[in-house]
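Down below is the structure, laid out as structure tokens.
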Amino acid sequence: MPNLTFKGSTFTLDPYESVLECLLRNQQFIPFACKAGTCQACLVKAVDCEATPESQKWIKQSLRDQGYTLACQWVPSADVEAALPTLTEFSIPTVLHSLEPLNDDTMKVVVDVTDKAAMFHYFPGQYVTLINPQGIARSYSVANNYEQDQYLEFHISTTSHGIFTHWLFEEAAVGDTMHMRGPYGDCYYSNSSAEDFPIILAGVGTGLAPLYGILNDALSRGHKGDIHLFHGGRSAEKLYLARELGAIDAEHKNFYYHPCLKEQNGSVEDVVDQTLDLGSLKRTRVYLCGAPDFVHGLRKLIFLKGASSGNIFCDPFLERSVAPTGGTNHN
Ligand SMILES: Cc1cc2nc3c(=O)[nH]c(=O)nc-3n(C[C@H](O)[C@H](O)[C@H](O)COP(=O)(O)OP(=O)(O)OC[C@H]3O[C@@H](n4cnc5c(N)ncnc54)[C@H](O)[C@@H]3O)c2cc1C
Ligand code: FES
């Protein structure tokens, strides 16, 4: 079997084992979250060897050219060596500016960029990797436009037993440094020929974060078509930003806010289904964000009703998969 060298130690890979799984099995520290090629937390450099094209297809060409790849997607068939990038490679330092409750389990997290010249361009709704002072890396969607606001806004909910969110909710303090990599994902508004297509934005929980970014971006760029935003939660209290969204609804003739509560008017899926305009669905842009089961289920429903698959943009908030025992690798 091939060997994997990492930080001066050599481990033997099991058949079909990824570099990430081998390192975790051998109790090595390597950031990871989704194990699915999405979060890019597990970026490693192939040292004096070639990474497989399959493991590199997820990352930017500029990273590929420098031999970087994703450890969770890299299944070597020959001896390889992998190295972690240093914190300052491909990430920029940020400072926690404020933490403000949006409801009992969700926080608005505002982050300043330390070196403004180093800030990368992104579109509101895309996601970034935030890396805390302990090196724990997780994906979060950006809810605002940095170029207008000069800060980044995230909506982050608590997760029971969650490592990053435990740090954020219980230990983090204003002024703490986090590093940030990105941007990733194709959930954002684009309309170079100023068309008036309808837009559906649907999400549950903090799935609202990217949708809020996309909504404000579309409105600030004068989008002419109708925009429907559906937000679901377990109770009215969970529908954070309801007042702000109600005010935007009152101000813009083409924006419709649909708070969805299963007990009252139905789940997001029900309300979307009742509201869909089948006549214009083929040209409607659809953005779906939040829990993976919700995103995949609604994507299927809307596609089967007639939406074009190329017009459906999804950000399932995949979580780190944890072994049933709870796992021992605390990253
Ligand atoms: C593209 C993308 C965008 C995202 N955007 C957002 C966003 O805008 N806002 C947001 O809030 N989240 C977002 N997420 C989710 C986010 O990345 C994290 O997954 C989430 O915050 C949890 O991280 P954590 O470190 O606290 O949990 P982790 O430590 O990673 O835990 C993951 C899961 O394992 C469970 N678990 C962990 N340890 C144990 C144990 N011992 N026993 C039982 N269960 C356990 C946890 O309960 C949790 O469900 C996004 C994810 C993706 C992929
Ligand atoms: S991309 Fe590898 S863990 Fe997320």
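Numbers below:
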read-out: Segment 128-147 residues that are on the phi > 0 side of the Ramachandran plot, paired with ones that are away from ligand 2 (no atom under 16 Å from the Cβ) and in a loop (DSSP other than H, G, I, E, B) (beta carbon under 9 Å, 6 or more apart); value: Gly135/Leu87
read-out: Tally, over segment 112-129, of residues that are in contact with a strand residue (DSSP E or B) (Cβ under 6 Å, 6 or more places away or on another chain) and either of a type in the set (Gly, Ala, Ser) or over 23 Å from Cys34 (Cα atoms) (or both); value: 5
read-out: Test: Val286 is in a helix (DSSP H, G or I) and β-branched (Val, Ile, Thr); value: no
read-out: Lone unmet requirement of (1) outside any helix (DSSP H, G or I); (2) under 17 Å from Asn144 (Cβ atoms); (3) outside the structural domain of Gln134 (by TED's automatic domain parsing); (4) hydrophobic (A, V, I, L, M, F, W, C) for Met180; value: (3)
read-out: Count of segment 23-39 residues which are more than 8 Å from ligand 2 (Cβ to nearest atom) and over 22 Å from Thr86 (Cβ atoms); value: 1
read-out: Val128 being more than 16 Å from ligand 2 (Cβ to nearest atom) and hydrophobic (A, V, I, L, M, F, W, C); value: no
read-out: Some residue of segment 238-245 being farther than 21 Å from His155 by Cβ and touching a helix residue (DSSP H, G or I) at 6+ places or on another chain (Cβ under 7 Å); value: no
read-out: Exclusive hit being modelled with pLDDT of 95 or more and open to solvent by less than 20 Å² (accessible area, probe 1.4 Å), set Cys22, Cys49, Cys39; value: Cys22
read-out: Residues (open to solvent by 60 Å² or more (accessible area, probe 1.4 Å) and either under 24 Å from Phe317 (Cβ atoms) or of a type in the set (Lys, Arg) (or both)) located in segment 274-300; value: Lys282, Arg283, Asp293, His296, Arg299, Lys300
read-out: Selection status of Gln27, closer than 21 Å to Gln134 by Cα and within 16 Å of ligand 1 (Cβ to nearest atom); value: no
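Residue-by-condition table, conditions (1) in contact with a Cys (Cβ under 9 Å, 6 or more places away or on another chain); (2) without any contact (Cβ under 8 Å) to a residue 12 or more places away in the chain; (3) on the phi > 0 side of the Ramachandran plot; (4) among the hydrophobic types (A, V, I, L, M, F, W, C):
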residue: Gly233; (1), (2), (3), (4): yes, no, no, no
residue: His252; (1), (2), (3), (4): no, no, no, no
residue: Gln264; (1), (2), (3), (4): no, yes, no, no
residue: Arg283; (1), (2), (3), (4): no, no, no, no
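Rundown of residues vs (1) in a helix (DSSP H, G or I); (2) more than 15 Å from ligand 1 (Cβ to nearest atom); (3) over 24 Å from Gly185 (Cβ atoms); (4) hydroxyl-bearing (Ser, Thr, Tyr), yes/no style:
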{"site": "Thr206", "(1), (2), (3), (4)": "yes, no, no, yes"}
{"site": "Pro210", "(1), (2), (3), (4)": "yes, no, no, no"}
{"site": "Gly213", "(1), (2), (3), (4)": "yes, no, no, no"}
{"site": "Leu229", "(1), (2), (3), (4)": "no, yes, no, no"}
{"site": "Glu237", "(1), (2), (3), (4)": "yes, yes, yes, no"}
{"site": "Ala247", "(1), (2), (3), (4)": "yes, yes, yes, no"}
{"site": "Lys253", "(1), (2), (3), (4)": "no, yes, yes, no"}
{"site": "Gln264", "(1), (2), (3), (4)": "no, yes, yes, no"}
{"site": "Val272", "(1), (2), (3), (4)": "yes, yes, no, no"}
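The values are calculated or read from the model by the stated rules, or taken from the named source; none is laboratory data. Since this is a predicted model, take the numbers as computed values, not measurements. Backbone-built Cβ (ideal geometry, glycine too); neighbour counts: all protein chains shown. Calculation scope for accessible area: heavy atoms of the full protein, side chains included, ligands and nucleic acids excluded. Shrake-Rupley method; radii C 1.70, N 1.55, O 1.52, S 1.80 Å.
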